[in-house]
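Beneath this line is the structure, given in structure tokens, with notes to follow.
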Amino acid sequence: MKDPKNEHLKITENEGAATPSGKGNFSKGRVPFLILRLGLPIMLAEIVVVLYNIVDRAYIGHMGETGTFAITGLGVCFPLITLISGFANLFSTGGTTLATIARGEKNDEKAERMLSTSFTLLLLIGAALTVLLFAFAPVLLKLLGGNEESLPYAIEYFRIYVIGTIPVLISLGMNPFINAQGFPKIGMATVILGAVLNIALDPLFIFALDMGIRGAALATVLSQSASALWVILFLRSKRPPLRLRRLCIDRSQLPGLLKLGATGFTFKVTSSITQAVVNVMLNDFGGALSTLYVGAMSLINSIREIMSLPNSGVTGAGQNVMSYNYGAKNEDRVSECIRFILFSGLLVNTLLWILMLLIPEPIIRIFTDDPELISLTVRCGRIYFGAFPFMALQMSGQTTFVALNRPKQALFFSMLRKIILVTPLTLLLPNIGLGVEGVFWAEFLSQLLGASICFSTMYFTIWRKMRKKGSAPASKSAP
């Protein structure tokens, strides 16, 4: 039998952790302020990540005569790197959302079991991926578009990168648990630590020790390992309300975690599949310029990371605030979150879209000084980003489905844009007269259609109902 005294102590502990004065309580205060307070450190952290990715790729792209082939080889690795980060999303998206909803319900014990389950699964999956991807790297990279010029560089980079799979998964998959508990500055420090270390080690390994692209991979592995250690030490300390106390898998919560986490995982996996199909089609239709086209897509992916930063930071923070208030049944605040995410995303994405259309060349020159590659990237980038403002609709809709624990809708719209739209269009458009540029038009059309459908569904099934309920006269509560 349960000891009533201990049960009382457990309830008191949980309630104390979720009081308005506690960390990670999002039921009080102005919603835009809460989102920005959480989102700005997340955004700054992601800016640092992009900066060190820029430095990484800039060093690789400027490796003398081999730079263009090396940057193309890195582009061939992108699908597998994206796949690895997909497994981090599998457990962080579902885990943080369900843990935050549980905290809104004042059930910290349940939330802490979710944290431990996510960590344990990341370790197990990381070990399996390390062995499999290292063994099959040459075959996979060749299938993903590696040719005789780029494949040697791709194999050299990826086989070192994959050794750091477990640290990468821990850093990417567990850091969201730090942000979700109201410690965005600590979460930012996780990323900055890895970024600064990577930036410092890159020139040492690539040029001073003459390791080339292998040096870039080694610098990434060491920097991610430092970030992973930082995350573990913090989550095992006494500061966060939810602590990493042991390894365990809570089978009762596992189905919910996997259903909701499948959203982030599917998004990454479908992105990986799309990148693979894109590389193959660019090789098939690019002719003598196929290596340059793959290189251009690699640079466009790097630029997309930069342009997605502001929206990503706001939606990441907004998801935590939404989930908490959804658990606490504060629908007015959930609706306010959706509105802020939507309009701030539209404003920022439109400004970045105008910038990309008017002056893309200075950004591209950061990565390469090859004039032919720069010219190609400018032309193709203007097509690729043609409907970029619509991504604010996609992000606000997708974030709402995840935050409110709607796994079916979240999963469907993760698949819609990448699998149902982008991949078939990528295979179709080059074959009906658009040639190699059809690959870039496929992204334009998918942004336009996918984002519109996702947002419309969210509006009519969730947001519209919330707004009507919020505007209806309040019913009298029972005494």
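The values are calculated or read from the model by the stated rules, or taken from the named source; none is laboratory data. Model, not experiment: these values are computed from the prediction. Here the Cβ positions follow ideal geometry from the backbone for every residue, glycine too, while neighbour counts run over all protein chains shown. The accessibility values were calculated without ligands, DNA or RNA, using every heavy atom of the protein model including side chains. Shrake-Rupley method; radii C 1.70, N 1.55, O 1.52, S 1.80 Å.
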Open item on the list: Can you tell me which of (1) of a type in the set (S, T, N, Q); (2) open to solvent by 10 Å² or more (accessible area, probe 1.4 Å); (3) over 16 Å from residue 446 (Cβ atoms) is the one residue 275 doesn't meet?
Closed with: (3)
Open item on the list: Within the stretch 278-326, take every residue that is polar (S, T, N, Q) and within 25 Å of residue 430 (Cα to Cα) and give me the one that is most open to solvent (accessible area, probe 1.4 Å).
Closed with: 283
Open item on the list: I'm told residue 329 meets every condition in (1) within 30 Å of residue 105 (Cα to Cα); (2) open to solvent by 30 Å² or more (accessible area, probe 1.4 Å); (3) in a helix (DSSP H, G or I) except one. Can you identify the failing condition by its number?
Closed with: (3)
Task: Counted residues, the stretch 235-248 - those being surrounded by 19 or more Cβ atoms within 10 Å (Cβ to Cβ) and touching a helix residue (DSSP H, G or I) at 6+ places or on another chain (Cβ under 6 Å) - done: 3
Open item on the list: Please go through the stretch 125-152 and give me each residue that is over 19 Å from residue 292 (Cβ atoms), among the small types (Gly, Ala, Ser) and out of contact with any Phe, Trp or Tyr (no Cβ under 8 Å at 6 or more places or on another chain), ordered by number.
Closed with: 127, 128, 135
Task: residue 215, sole failed condition from (1) open to solvent by less than 10 Å² (accessible area, probe 1.4 Å); (2) assigned to a helix (DSSP H, G or I); (3) in contact (Cβ under 8 Å) with a residue 40 or more places away in the chain - done: (3)
Open item on the list: Residues that are closer than 30 Å to residue 317 by Cβ and open to solvent by 10 Å² or more (accessible area, probe 1.4 Å): does the stretch 139-152 have at least one?
Closed with: no
Task: Candidates 463, 441 - the one that is open to solvent by 60 Å² or more (accessible area, probe 1.4 Å), farther than 24 Å from residue 86 by Cβ, in contact (Cβ under 8 Å) with a residue 12 or more places away in the chain and of a type outside the set (Val, Ile, Thr) - done: 441
TODO: Would you please name the residue that is farthest from residue 202 (Cα to Cα), looking only at residues in the stretch 59-82 that are at pLDDT 70 or above, open to solvent by 20 Å² or more (accessible area, probe 1.4 Å) and over 19 Å from the mean Cα position of the chain (by Cα)?
DONE: 69
Task: Filter result for the condition that a residue is in a helix (DSSP H, G or I), among the hydrophobic types (A, V, I, L, M, F, W, C), open to solvent by 10 Å² or more (accessible area, probe 1.4 Å) and at pLDDT 90 or above, over 199, 192, 178, 163 - done: 163
TODO: Any chance you could count how many residues in the stretch 342-386 are within 18 Å of residue 306 (Cα to Cα), among the aliphatic types (A, V, I, L, M), out of contact with any Phe, Trp or Tyr (no Cβ under 6 Å at 6 or more places or on another chain) and not in a loop (DSSP other than H, G, I, E, B)?
DONE: 13
Open item on the list: Checking the conditions here, which among 383, 374 is closer than 20 Å to residue 437 by Cβ, surrounded by fewer than 20 Cβ atoms within 10 Å (Cβ to Cβ) and in contact with a Lys or Arg (Cβ under 8 Å, 6 or more places away or on another chain)?
Closed with: 374
TODO: Considering (1) touching a residue at least 40 places away in the same chain (Cβ under 8 Å); (2) not in a helix (DSSP H, G or I), say which one residue 148 fails and leave the rest.
DONE: (1)
Open item on the list: With the condition being modelled with pLDDT of 90 or more and over 24 Å from the mean Cα position of the chain (by Cα), I'd like the helices (runs of 4 or more DSSP H) fully within the stretch 390-479 carrying at least 2 qualifying residues.
Closed with: 423-428
Open item on the list: Let me confirm something: among 213, 232, 178, which residue is more than 21 Å from the chain's Cα centre (by Cα) and not acidic (Asp, Glu)?
Closed with: 213
Open item on the list: Please go through the stretch 219-234 and give me each residue that is open to solvent by 30 Å² or more (accessible area, probe 1.4 Å) and of a type in the set (Gly, Ala, Ser), ordered by number.
Closed with: 225
Task: Condition check for residue 135: among the small types (Gly, Ala, Ser), surrounded by fewer than 24 Cβ atoms within 10 Å (Cβ to Cβ) and assigned to a helix (DSSP H, G or I) - done: yes
Open item on the list: Out of the residues in the stretch 83-110 meeting the condition of being basic (Lys, Arg) and part of a helix (DSSP H, G or I), tell me which one is least open to solvent (accessible area, probe 1.4 Å).
Closed with: 103
